[in-house]
Protein chains: 2
Amino acid sequence: MQTGSHCTMRTFLSLLLQLLILASPAFAQTTAVDGFTARRAVDQRKWEEQFRAVPAPKSAREHLRVLTLEPHMAGTKEDYDTAIYVRDQLRSYGIAADLREYKVWLNYPNTPTVLELITTKRQKLSTFETVVSGDPTSSHPKITPLFNGYSASGDVTAPVVYANYGLPNDYDDLKKAGVEVKGKIVIVRYGNSFRGVKAKVAQDHGAVGCIIYSDPADDGYMQGDVYPKGPWRPGASGQRGSVQYLFDYPGDPLTPGRPAIDGVPRLKPEEATDLTRIPVQPIAYDVARSILAPLKGPVRPRGFQGGLPFAYHVGGTNDVKVRLKTDMDYKLRPIWNVIARIDGTDLKDRWVVLGNHRDAWVFGAVDPNSGTSAMLEVGRGLGELLKRGWKPRRTIVFCSWDAEEYGLIGSVEWVEELAGELKEKAVAYLNLDAAVAGNQFGASSVPSLWKLMRAVTREVKDPKTGKSVYQSWQDRAREQRSEEERATAGEARIGALGSGSDYTPFLQHLGIASTDMSFGGDYGVYHSAYDSFYWMDRFGDPGFFYHVAAAQIWGTLTLRLADADGLSFDYTDYANEIRAFFRETVRIAGHRNLATSFDEKAMNEAIDDFAKEAERIEKARQDAVKSSEREKLARINDALMKAERQFIDERGLRGRAWYKHQIYAPGFYTGYAAQPLTDFRQALDDRNAANAKESLERIVEAVKRATRTLKAGHE
Amino acid sequence: MQTGSHCTMRTFLSLLLQLLILASPAFAQTTAVDGFTARRAVDQRKWEEQFRAVPAPKSAREHLRVLTLEPHMAGTKEDYDTAIYVRDQLRSYGIAADLREYKVWLNYPNTPTVLELITTKRQKLSTFETVVSGDPTSSHPKITPLFNGYSASGDVTAPVVYANYGLPNDYDDLKKAGVEVKGKIVIVRYGNSFRGVKAKVAQDHGAVGCIIYSDPADDGYMQGDVYPKGPWRPGASGQRGSVQYLFDYPGDPLTPGRPAIDGVPRLKPEEATDLTRIPVQPIAYDVARSILAPLKGPVRPRGFQGGLPFAYHVGGTNDVKVRLKTDMDYKLRPIWNVIARIDGTDLKDRWVVLGNHRDAWVFGAVDPNSGTSAMLEVGRGLGELLKRGWKPRRTIVFCSWDAEEYGLIGSVEWVEELAGELKEKAVAYLNLDAAVAGNQFGASSVPSLWKLMRAVTREVKDPKTGKSVYQSWQDRAREQRSEEERATAGEARIGALGSGSDYTPFLQHLGIASTDMSFGGDYGVYHSAYDSFYWMDRFGDPGFFYHVAAAQIWGTLTLRLADADGLSFDYTDYANEIRAFFRETVRIAGHRNLATSFDEKAMNEAIDDFAKEAERIEKARQDAVKSSEREKLARINDALMKAERQFIDERGLRGRAWYKHQIYAPGFYTGYAAQPLTDFRQALDDRNAANAKESLERIVEAVKRATRTLKAGHE
């Protein structure tokens, strides 16, 4: 169906009126859409507005209700049921959708974990969450006991050491305090890093087991009232989650770099380098208290104190011993992505990919199904446009990922399977995960998409403030700044992409420009049985208005990218951000007397050249859009898409070849948070001058490749 | 007795040897003493070393034991007994000592305070501290119940509002949360300001009563193990203390600016502007918990959460009401300073004044009697030198202050009585208060004495590290710096003098160069019955080595100042510090769009001129010392002494005329902490351009006066 066929007299007159308005100088300010010819901008605005009128609280709420009826951990029957629901909903909107199955290595607890205090007294400790009055699903019989994805099985009894957040500097502090970790069970608290880092660092220090608890200082009563009185973690709640070493490589542990499909050879489990070998177990703070309170040994070093009402000690003596027995059922299990597609018209082989995972540790109302609900509303909205005659220029792909919780498995396997095609075709990947936990918008993305993200959030109304989402976001950022920062205020910051969600394979394995965003809030029930429909209805998004806003932003972003004449990619922001990263890193190098170990000048020149070409291609893009030069635009668009690809170095990062992006990757010891200019920065942290030199050379090469790509696009 | 009369053949030979060493180039480095001619430096070193050999753990311990046998609140029989002990000890060392009595307005609790929960349930709450096993004095029958010095009497019943630290911005936060304070009883926590500020701000906001509790996050279990297991505040401990508005004026409330002696007219108590009119009461955190836990109303704003194990709410609803009844016995009561003196030889009318208070809320092992013990050891050491023939050039005055705890009363009355003489004669005032609570040296002083303080701490060995106190202090400061700060590291910072101890009348009322210092540590029992000899023996200074070190530093500083040929006052540091204060304040003015409201250039020029004269007089001093020009040195020394006096503006600070120093005063809302360039900074905080202009003009005048004084001293 052609767009023109709907051009009735009424729309014709409307179009005429718009063309007249277009001629007035005021128009350009209010109706211009970056990357669209003046004529197409009018249409674009119309479709976007029509799209945004579709997502509704009632249907968003209903999606979430259905998706969160049962615990639906990856690979289970209930997980499969949600895949079918998503597929069928999308099909009902007129969007072609299918399941894609992989067989991947997953563990479930075979029997619930045994945790027992041996001394000072003998006492069984709970590894379950309790029923909460008022929350109907909290008594669901199928709620999984507390366990960690990819924990090893094991049965260990040993004295306990409290190691704070379980990061390398915490172990340094323990060493200074004369506390030996080898042969002990460490208890660490959640926070400040991905939990897989905690497991690895514990194992590397010779611990025989690792207990991870949620301290009330971090997401319990010290943050606010606890569930069900408030949104924060109650004493009986623990945080499930994967302890895969995803900073090494994510996805199926047995098929690194390749899809988990028939015909691909699998590693033996003992060969997988992203799996811990010690038992790891999450517990609640009411339970942790029984272990922490009687600990002796030195009083904790600075920063170790948490929110339980006593002075924390680090232990390491024989006064407190526990037994930890984990019994894991590891198998190859099926998982199911749902992949849906709206084919593009003239640019069918250019893809805009939207993704959100679907599997949850329990009910997953926030994480991830608020995102799934928003995706279905995007689908419903675009379906509505299709019915009205709209067709995207570029192909739009919807992905409902499975097994993200275990290690981004659904997205990684798909990206590994379609790597060749994605490298050629993917314009951008737009991720949502825990989309709505409150009303505070936040975003991360590659810098080339900052301007676009800001532009799109200007189009969507914040349900609470009535201003635009952009304005509310800026206002909040401004409030959080110090007086001094306010005086020199710029725009609200868009963060760097680290890891912990499904943009990782797109950006960091293939070099596809990616975004992530969410409405955050007071969310203390992460990865617990209380991340439920009831919680969302009461605290996260009563009224479901922010689910609607999330769908509106996501869909508008999709429409801009799918339909643009000249893609709104701005590499000047990218150049400036790389320059800022580099300056900061050079400053650190200075403090470590490593400032002469690398070629600072070469990097600065590379950035300058990159910035120059960024400006030139931007000017070329603007000109080509104005003059509607199709062929020129095609070349420019491809250059803008492929410049990001140039940051990929096929040799991969040092010691973890799966990660190939030279600017963005998760830090080895953060796991979630990005460590920009990754290997260069790591070399400085390691005080390794040779590595610093080599890593920076690779980065310089990457920046130069990107520069050449931009240059070729507009010359 | 003349020094020469002890010159036996042996000392003559020793002197000859020293003179020979003096001729070698290596000598100057190791034996030179700033401000002393080469010949006198040899003597000086000898006397200093002999002095430092005297203070001993055994006698320091015995002083403290005797001083802390009984609670000795100002004006009591037991307080008088400690005065006699100090006087008689000093006399026994050969130092003339006498009592000086004043009659001042003091309150004791007539009957113990009644604190009662009315709703949600009726419950009497304790205003006593409990007996602690192991600490023999904790069961002393005369321990005063918890009360605040200068609380009003009152009997109020009202709903409770939790107001965090009770500072203006906390009330702003409450207002934003829609919580009304008028007519309520506020409960606030100790910390971040002098407690009198909390009382005043509560009263100014219409509260009818004010309860101040010690939160476990601030000095209880979240800092470490609680007493008697560790040094931190246990759940049953409260912090006594004065709620006088000492930021308005300190000293006897009824005789502001004048001594509380016969013949001086007294205000009526209702005329005293430094007294609160509402009942104020300190309580322990075990008791505060009963009030805070049931509070409803909004969840606390950011920063309000303390260390009790629940989410704090701010209250303000009728759910929690308490009754607070304070019954104070106000009277004119006698207090006793002990004043002792070693007359100088050729400069008898130049005084070096040492001071430390003696009165305590209960036993006061740390606060203040660790300082009293150190002072007695200084006296014993100097007494020993006197016996060996030493005589100071300048007069040394020892002051054991009374009623400091109520509002620096002993020192303020004495300074007010001797103001004329002190202005003429006082070279410096050297304060100690809570001298030893651990092993971490810290100091505050006017910048002109920084170099001297650093030099003196180089001479004293740190008992724990075996390095000099200076080196240990630098090492610790370095450890606490970030990597970046370390890369640009200077010396350990000497703080600014605010208020809260007896240097205030000397520096801020008269302009006498002052210092303060202490060995700090994990000290959670401040102003409680557990600040006891047992606590000190077990946690604060087991072995009493740091009492000895404190006496060694204090005495060496005294010897340097008392005997110097050319006083080690460095006004270059002072000029640099004023410049830094001004830059920082201008920066703040910029953020508030007040940068054009004052004459920045005039101030910068005044500072530049001051810096130039500082350099010149320093050169003149060095030259005059080298050439032993007595008359020139007398003029230079007097200029160095009197330059500080020029920072006094007799009109006083805005709205609080007692405070006259233009550079240093406590902030109106800090109470303890200094707010440099006080009125200028306050005007910026008030966003009052006219005040900012006028205040800075006064500061410029003061700096110019100081410049002229320095200039006149060396020309």
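Each value in this text was obtained by applying a stated rule to the coordinates, not by laboratory testing. It should be emphasised that the depicted structure is a prediction, and the values quoted were computed from it without experimental measurement. Quick reminder, even Gly has a Cβ in these numbers, built from the backbone with ideal geometry, and neighbours come from all protein chains shown.
Over 23 Å between Cα atoms: which of B:Lys391/B:Lys711; A:Lys229/B:Lys184; A:Lys660/A:Lys693; B:Lys632/B:Lys711; A:Lys229/A:Lys467; A:Lys124/A:Lys325 fall into that group?
Values: B:Lys391/B:Lys711 31 Å; A:Lys229/B:Lys184 26 Å; A:Lys660/A:Lys693 18 Å; B:Lys632/B:Lys711 13 Å; A:Lys229/A:Lys467 30 Å; A:Lys124/A:Lys325 12 Å.
As for pairs spanning more than 23 Å Cα to Cα, those are B:Lys391/B:Lys711; A:Lys229/B:Lys184; A:Lys229/A:Lys467.
Where nothing but the Cβ of Lys and Arg (+1) and of Asp and Glu (-1) is charged, how large is the charge dipole of chain B around its Cα centre, in debye to the nearest 20? Before the final figure, lay out each step's value.
Values: 94 positive and 93 negative charges, 77 e Å.
My answer is approximately 360 debye.
Set the Förster radius R0 to 35 Å, insert the Cβ-Cβ distance between A:Arg493 and A:Ala32 as r into 1/(1 + (r/R0)^6), and round the FRET efficiency to 0.05.
Details: r = 26 Å, r/R0 = 0.73.
So, using R0 = 35 Å, E works out to roughly 0.85.
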For region B:221-297 (alpha-carbon point model, no solvent) the Debye-based log₁₀ I(q)/I(0) at q = 0.12 Å⁻¹ works out to -0.60
Listed by chain and number, the residues whose amide H is under 5 Å from that of B:Lys184, excluding neighbours fewer than 5 places away on the same chain and using placed H, are B:Val208
Quick calc: nm separation of the 7 Å Cα→Cβ label points for B:His140 and B:Arg579 -> 5.1
Distance in Å, no decimals, from the C-alpha centre of region B:530-583 to the one of region A:547-588 is 57
Cα-based Rg/(2.2 N^0.38 Å) for region B:359-429, rounded to two decimals, is 1.32
Magnitude of the Cβ-charge dipole (Lys and Arg +1, Asp and Glu -1) of region A:105-331 about the Cα centre, nearest 20 debye, reported as 520
Assertion target for A:Lys660, B:Lys391, A:Lys198, ordered by fewest C-beta neighbours within 10 angstrom first, is B:Lys391, A:Lys660, A:Lys198
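Could you list A:Thr345, B:Thr558, B:Thr504 in order of exposure, starting from the residue whose Cβ has the fewest other Cβ atoms within 10 Å? Before the final figure, lay out each step's value.
Working: A:Thr345 14, B:Thr558 26, B:Thr504 32.
If I rank by nearby Cβ atoms, fewest first, I get A:Thr345, B:Thr558, B:Thr504.
What list do you get for B:Lys77, B:Lys619, B:Lys423 if you sort them by fewest beta carbons within 10 Å? Each step should come with its number before you reach the end.
Values: B:Lys77 8, B:Lys619 11, B:Lys423 16.
Exposure proxy ranking, most exposed first: B:Lys77, B:Lys619, B:Lys423.
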So A:Glu650 and A:Arg587, fully extended at 0.36 nm per residue minus their Cα-Cα distance, gain in nm 19.8 nm
Between the alpha carbon centres of region A:425-453 and region B:301-341 the gap in Å comes to 50
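Tell me, what are the semi-axes, in whole angstrom and largest first, of the equivalent ellipsoid of region A:105-331 as set by the roots of 5 times the Cα gyration tensor eigenvalues? It would help to have the intermediate numbers written out before the result.
Working: eigenvalues 155, 103, 53 Å².
Those come to 28, 23, 16 Å.
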The farthest towards the positive end of the charge dipole of region A:513-621, of the residues A:Ala620, A:Leu559, A:Phe544, given +1 on Cβ of Lys and Arg and -1 on Cβ of Asp and Glu, is A:Ala620
Farthest towards the positive end of the dipole of region A:571-714, among A:Ile663, A:Leu633, A:Thr707 and with Cβ unit charges of +1 on Lys and Arg and -1 on Asp and Glu, lies the Cα of A:Leu633
In whole percents, the bins of 10 Å from zero upward hold the Cα-Cα pairs of the protein assembly as shown as 1, 8, 13, 17, 17, 15, 12, 9, 5, 2, 0, 0, 0
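In deg cm²/dmol and to the nearest 500, what is the mean residue ellipticity at 222 nm of chain A if only DSSP H runs of at least 4 residues count, each as -39500 (n - 2.57), divided by the residue total? Could you put the intermediate results ahead of the total?
Numbers: 22 runs with 275 residues, N = 715.
My calculation for chain A gives -12000 deg cm²/dmol from helical runs alone.
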HN-Hα couplings for region A:675-692 via Karplus (6.51, -1.76, 1.60; θ = phi - 60°), in whole Hz with x for Gly/Pro, come out as 10, x, 6, 3, 5, 5, 5, 4, 4, 5, 4, 7, 6, 10, 5, 5, 5, 4
With label points set 7 Å from each Cα along the Cα-to-Cβ direction at B:Thr157 and A:Glu694, the distance between them in nm comes to 8.0
Amide H neighbours of B:Arg333 at under 5 Å, excluding residues fewer than 5 places away on the same chain, with H built from the backbone geometry, are B:Val104, B:Trp105, B:Leu106
Farthest towards the positive end of the dipole of chain A, among A:Trp361, A:Leu422, A:Gly344 and with Cβ unit charges of +1 on Lys and Arg and -1 on Asp and Glu, lies the Cα of A:Gly344
The set of residues whose placed amide H lies less than 5 Å from the amide H of A:Asp462, leaving out same-chain residues fewer than 5 positions away, is A:Lys467, A:Ser468, A:Val469
A student applying the Cα gyration tensor rule (rounded when a/c is under 1.5; otherwise prolate if a/b is larger than b/c, oblate if not) would label region B:207-339 prolate
Region A:274-335, convex hull of Cα, quarter of hull surface, nm² -> 6.9
Distance in nm between A:Glu715 and A:Arg481 label points, each 7 Å along Cα→Cβ, equals 4.0
Scattering profile of region A:95-164 from the Debye formula, Cα beads only, expressed as log10 I(q)/I(0) at q = 0.18 Å⁻¹, is -0.98
In whole µm²/s, the translational diffusion coefficient that Stokes-Einstein assigns to region A:571-714, given a Kirkwood hydrodynamic radius over C-alpha pairs, 37 °C and 0.692 mPa s, equals 207
Nearest-0.05 FRET efficiency for B:Val131 and B:Arg277 at R0 = 51 Å, using Cβ-Cβ distance, is 0.90
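Evaluate the Kirkwood expression for the hydrodynamic radius of region A:142-271, namely the inverse of the mean inverse distance over all pairs of different C-alpha atoms, and round to one decimal in Å.
Values: mean 1/r = 0.0602 Å⁻¹.
Roughly 16.6 Å, rounded to one decimal.
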Distance in Å, no decimals, from the C-alpha centre of region A:644-715 to the one of region B:38-81 is 64
Treating every alpha carbon of chain B as one equal point scatterer without solvent, the Debye formula yields log10 I(q)/I(0) values at q = 0.07, 0.09 Å⁻¹ of -0.48, -0.80
Taking a straight Cα-to-Cα line shorter than 14 Å from A:Lys176, and setting aside same-chain aspartates and glutamates fewer than 8 residues away, one finds B:Glu479
If R0 = 30 Å, then A:Asp685 and A:Asp608, at their Cβ-Cβ distance, give a FRET efficiency to the nearest 0.05 of 0.65
For region B:607-710, the dipole about the Cα centre with charges only on Cβ (Lys and Arg +1, Asp and Glu -1), to the nearest 20 debye, works out at 200
Expressed as a whole number, the average count of other chain Cβ atoms within 10 Å around the Cβ atoms of A:216-228 is 3
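Check each of the trypsin sites (Lys or Arg not before Pro) in region B:292-325 and keep only those in coil by DSSP with at most 10 other C-beta atoms within 10 angstrom; list them in order.
On the way: sites: B:Lys296, B:Arg302, B:Lys321, B:Arg323, B:Lys325; in loops: B:Lys296, B:Arg302.
Sites meeting the loop and neighbour criteria: B:Arg302.
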